[in-house]
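Encoded as structure tokens, the structure appears first; notes follow it.
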Amino acid sequence: MRAEVAEQLHKFGYQNLRPGQDEIITAVLAGRDVLGILPTGSGKTLCYQIPGMLLPGITLVVEPLLALMREQVLRMQASGAGRVVALNSSLDKADMRAILATLATYKFVFISPELLSRPDVLSALTRSPVSLMVVDEAHCIYQWGPDFRPAYLRLGDLRVQLGSCRVLALTATAPISVREVIGRQLRMQNAYVYAASVDRPELFLGVEEYPQDGQVTDRVGALLTQVHGPAIIYCRSKHQTEELAARFAHLAGRKCNFYHAGVDEHSRMLRERQFINGGLDTLFATSAFGMGVDKPDVRMVLYLGVPATLEDYQQAIGRAGRDGQPAVTALIYSERDVSRTAQFISALPAPSLVNAIYRDAAGYANSDDAQIQLIVAYHQAHFTPAAVNAALSERLTVRSKSFMAVLDFLRAADCHRAALMRHFDSEGMAHTDACCGHVTDAFLATLPEPLRRSRRDFTGWQVIFKQIFNTQA
Amino acid sequence: MISLDDILLLLLDDQPQRPLGLWGVITGRKTASIMFAGLQHQQLHYFGLLAGLSKPDYLAAVQRLLTAKLLQQTDEQVWRTATGRARCAQLHGMAATLASYDPELNVQQFAPRFFLAVQVLSEASYQQRQYVPLSADWQVQQYVRRWYHGTRAELADTVQELTVIFSQLHPATADYLAMLMIGHEYVGSGADQDSPLRRELALCDLLHTIESRPASAWQRLWGGRISLLPPAAAQTSAEFLRGASVQELVARKHRRISTITEHLQLAAIMGQQLPLDRFLSVQQQAVLATAWAGGQRTYQELLAALPGVEFLQVRMFQIMMYRRQNNAR
């Protein structure tokens, strides 16, 4: 490891780099285009944070989701990464103008792909030296992938307009065919490709089917009792998160709450921090939870229902066991869940919804609904409503194919992990009793016990003030 | 636990009104027709109280009140029944809590600034420069950063001011607000008792106390009361008061006449003293006053008393009368 890389690493509070980080950072600093495929939780952020601190000028980071952007800004501000800003639709005109006027003073600029196409933004960026363009979640560029965003198709052209700076594309999910598309679309030259296995050997991949919905709930309760340590339970719906949080509110040894996009921002923030801090140890959540949450000791992640894509599933379970210790994950579903998801993926948004969004795209810009987000993205990429309806019809094929991959995974006769790795064109560990299938008591017995932290009880505002304002004396 | 159904029952009127009129007021929709309905039914005090309340959730609550016979309806209007009024009498505690709300306090803007400011002061108290800020909003961060630069030399004094302010709050309110804070090695507590409305009302109590301390750093953080009148409407009103006619304003501002009349109505509803003589002659005012004294309130009834006048003229008369009536109560 180069001395200056080590120095930055220590400044960010780390002692060592994880597998893949050194190779990627070295290649970026050598001026190469790089495609990095790293599993969730393996430290993709440092792959651009360290080069960004060492290179002159701006590091531009393209992110597909507002929530992800916000989390990255907060983390980077916390780690002292220099001036960081997120350019997105939540900024009003005056704030946007103020930021663009001083863009060159920022070290890291996070931006959505749609905003990057705006003339005023592009103009400000071309006037500022951009040394590195990072395309996070680069698999969004793949038109036949489940997370496709039309604006990602323009990134290659935009890169040229920015002076053809080096590009670092990062993703956790990229089969070989997708890697080729990423390289081509981003106009990568002689790219260095680091493709780690996306396998997480420390995670048990539980897959359990039950005839009735009620049995799924019972199984959740049983696992919450047997497993000690923080747990995330991904639910089918906002309603289910609240229902289950109420159902298990008095489970001995557990402090539960729910989290979804319908909870107001301050409450969501409190619950997230309390989960990270240990004040809560059980969260019933929708996919709105977890972006940027880097809690190392999550011992269990349950996914209730059948996911529409293996990418969604992989991202959810990836939040378990980031400390490298054994952790249990389980996809628990009922027979009805298969048909629920099948119906969901075959539903097309009505043309009236497309028209409503086109009439007031700004009003839908911050929706957390994936279908609405995609239509907004098409609008920002200047598709006509008719073209959007046609594109959405075409995507039915994509969604069906993704769902078939999920069913293949669920019904794998030999090894679920092997089926998952085949989907991502990745190597995985050989099948053992600690690999996958029905969650066994034997595996649960191998889980480490959580560290017992002494928790202070804060009763009354005066006691809280003494703590937070350091007036104990 | 603050129940939506109880809140709506308290806010709705004993006089018939379109239910979506109240929804528009409490979710902060600033159109002349919504604000007029709010004025008519004395609901403007609760403007923006439940900004995030969806229409389906609101209508579901209204339906529950109808089913429980606490409301009655005819055509498209609802109002309280005798049972509903009796239930309201039992809710006097909640009514007192709601009374602390004041839309001019601008609590929705103050809240993220306040909690971030507390976090900043907390971490500074431990000389901690690296922490995850609780708000990623650029505007909030910039605002608090500027405030902190003007405050950090008096960190201890600023903390002491907040302590004094909290000591003046009801203890339950102070405890509750403290449980929502984020600070050094503290991430709040009791989140299961939190609700956006409860938080909003507690912050209103805090702001009433901050308002009584104009020299404090916390007053500077807050920034003071705001006018609910949109800037464009305020400008139209100011030019009207300087003598411009409606037609002159339309030409000068390149706006539609409906926009200018909307501005004037909003200004009048929100308390600007637009002389009625600019809209109606003395004789016309007398005719409408007689009709009003006879119990005629609606636009149609008043127009029937004075045929040939325009909508704006009748509406400005109604606004003046409702404001007088509400001020007298």
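Just so it is clear, none of the values below were taken in a lab; they were calculated from the coordinates. No experiment lies behind these values; they were computed from the predicted model shown. We place every Cβ from the backbone using ideal geometry, glycine too, and count neighbours over all the protein chains shown.
Here are the numbers:
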quantity: Interchain or long-range residues, amide H under 5 Å from A:Asp33's placed H; calculated: A:Val167, A:Gln189, A:Tyr192
quantity: Within the stretch B:181-247, trypsin sites (Lys or Arg not before Pro) in DSSP loop having at most 12 other beta-carbon neighbours inside 10 Å; calculated: B:Arg242
quantity: Trypsin sites (Lys or Arg not before Pro) within the stretch A:426-466: DSSP coil, no more than 12 neighbouring Cβ in 10 Å; calculated: A:Arg452, A:Arg453, A:Arg455, A:Arg456
quantity: Under DSSP loop assignment and at most 16 Cβ neighbours within 10 Å, longest GluC sites (Glu not before Pro)-free interval of chain A; calculated: A:203-426
quantity: Chain A, helix-only ellipticity at 222 nm - DSSP H runs n ≥ 4, -39,500 (n - 2.57), divided by all residues, nearest 500; calculated: -13000 deg cm²/dmol
quantity: Amide H contacts under 5 Å for A:Ala86, placed H, 5+ residues apart; calculated: A:Phe110
quantity: Cα-based shape type of chain B, given that a ≥ b ≥ c are square roots of the gyration tensor eigenvalues and the cut on a/c is 1.5; calculated: oblate
quantity: Inter-label distance, nm, simple model (7 Å from Cα along the C-beta direction), A:Glu23/B:Ala286; calculated: 9.6 nm
quantity: The stretch B:274-329: chymotrypsin sites (Phe, Trp or Tyr not before Pro) falling in loop per DSSP and having at most 14 other Cβ within 10 Å; calculated: none
quantity: Proxy reagent accessibility, fewest Cβ within 10 Å first, across A:Ser426, B:Ser54; calculated: B:Ser54, A:Ser426
quantity: Fewest-first sequence of A:Thr40, A:Thr432, B:Thr173 by Cβ atoms within 10 Å of each Cβ; calculated: A:Thr432, A:Thr40, B:Thr173
quantity: Global geometry of chain A, whether rounded, prolate or oblate, following the gyration tensor of its Cα atoms and the 1.5 cut on a/c; calculated: rounded
quantity: Antiparallel DSSP beta bridges within the protein assembly as shown, as percent of all bridges there, nearest 5; calculated: 10 percent
quantity: Ellipticity estimate at 222 nm from DSSP helix runs (n ≥ 4, -39,500 (n - 2.57)) divided over chain B, nearest 500; calculated: -18000 deg cm²/dmol
quantity: Selected from B:Arg145, B:Arg129, B:Arg113 as most flexible by GNM, with chain B as the system and alpha-carbon contacts under 10 Å; calculated: B:Arg129
quantity: Rounded, prolate or oblate (a/c below 1.5 giving rounded, otherwise prolate when a/b exceeds b/c) for the protein assembly as shown by Cα gyration tensor; calculated: prolate
quantity: Span-rule helices in chain A, defined as complete DSSP H runs reaching 30 Å or more along the axis (Cα) with Kyte mean at least -1.0; calculated: A:385-410
quantity: Neighbour-count ranking [beta-carbon atoms within 10 angstrom, fewest first] of A:Asp264, A:Asp147, B:Asp75; calculated: B:Asp75, A:Asp264, A:Asp147
quantity: Fluctuation leader among B:Arg252, B:Arg64, B:Arg213 - chain B, Gaussian network, Cα springs under 10 angstrom; calculated: B:Arg252
quantity: Placed amide H near A:His431: partners under 5 Å, 5+ positions off or other chain; calculated: none
quantity: GluC sites (Glu not before Pro), loop per DSSP, at most 13 other Cβ atoms within 10 Å - longest free stretch of chain B; calculated: B:186-309
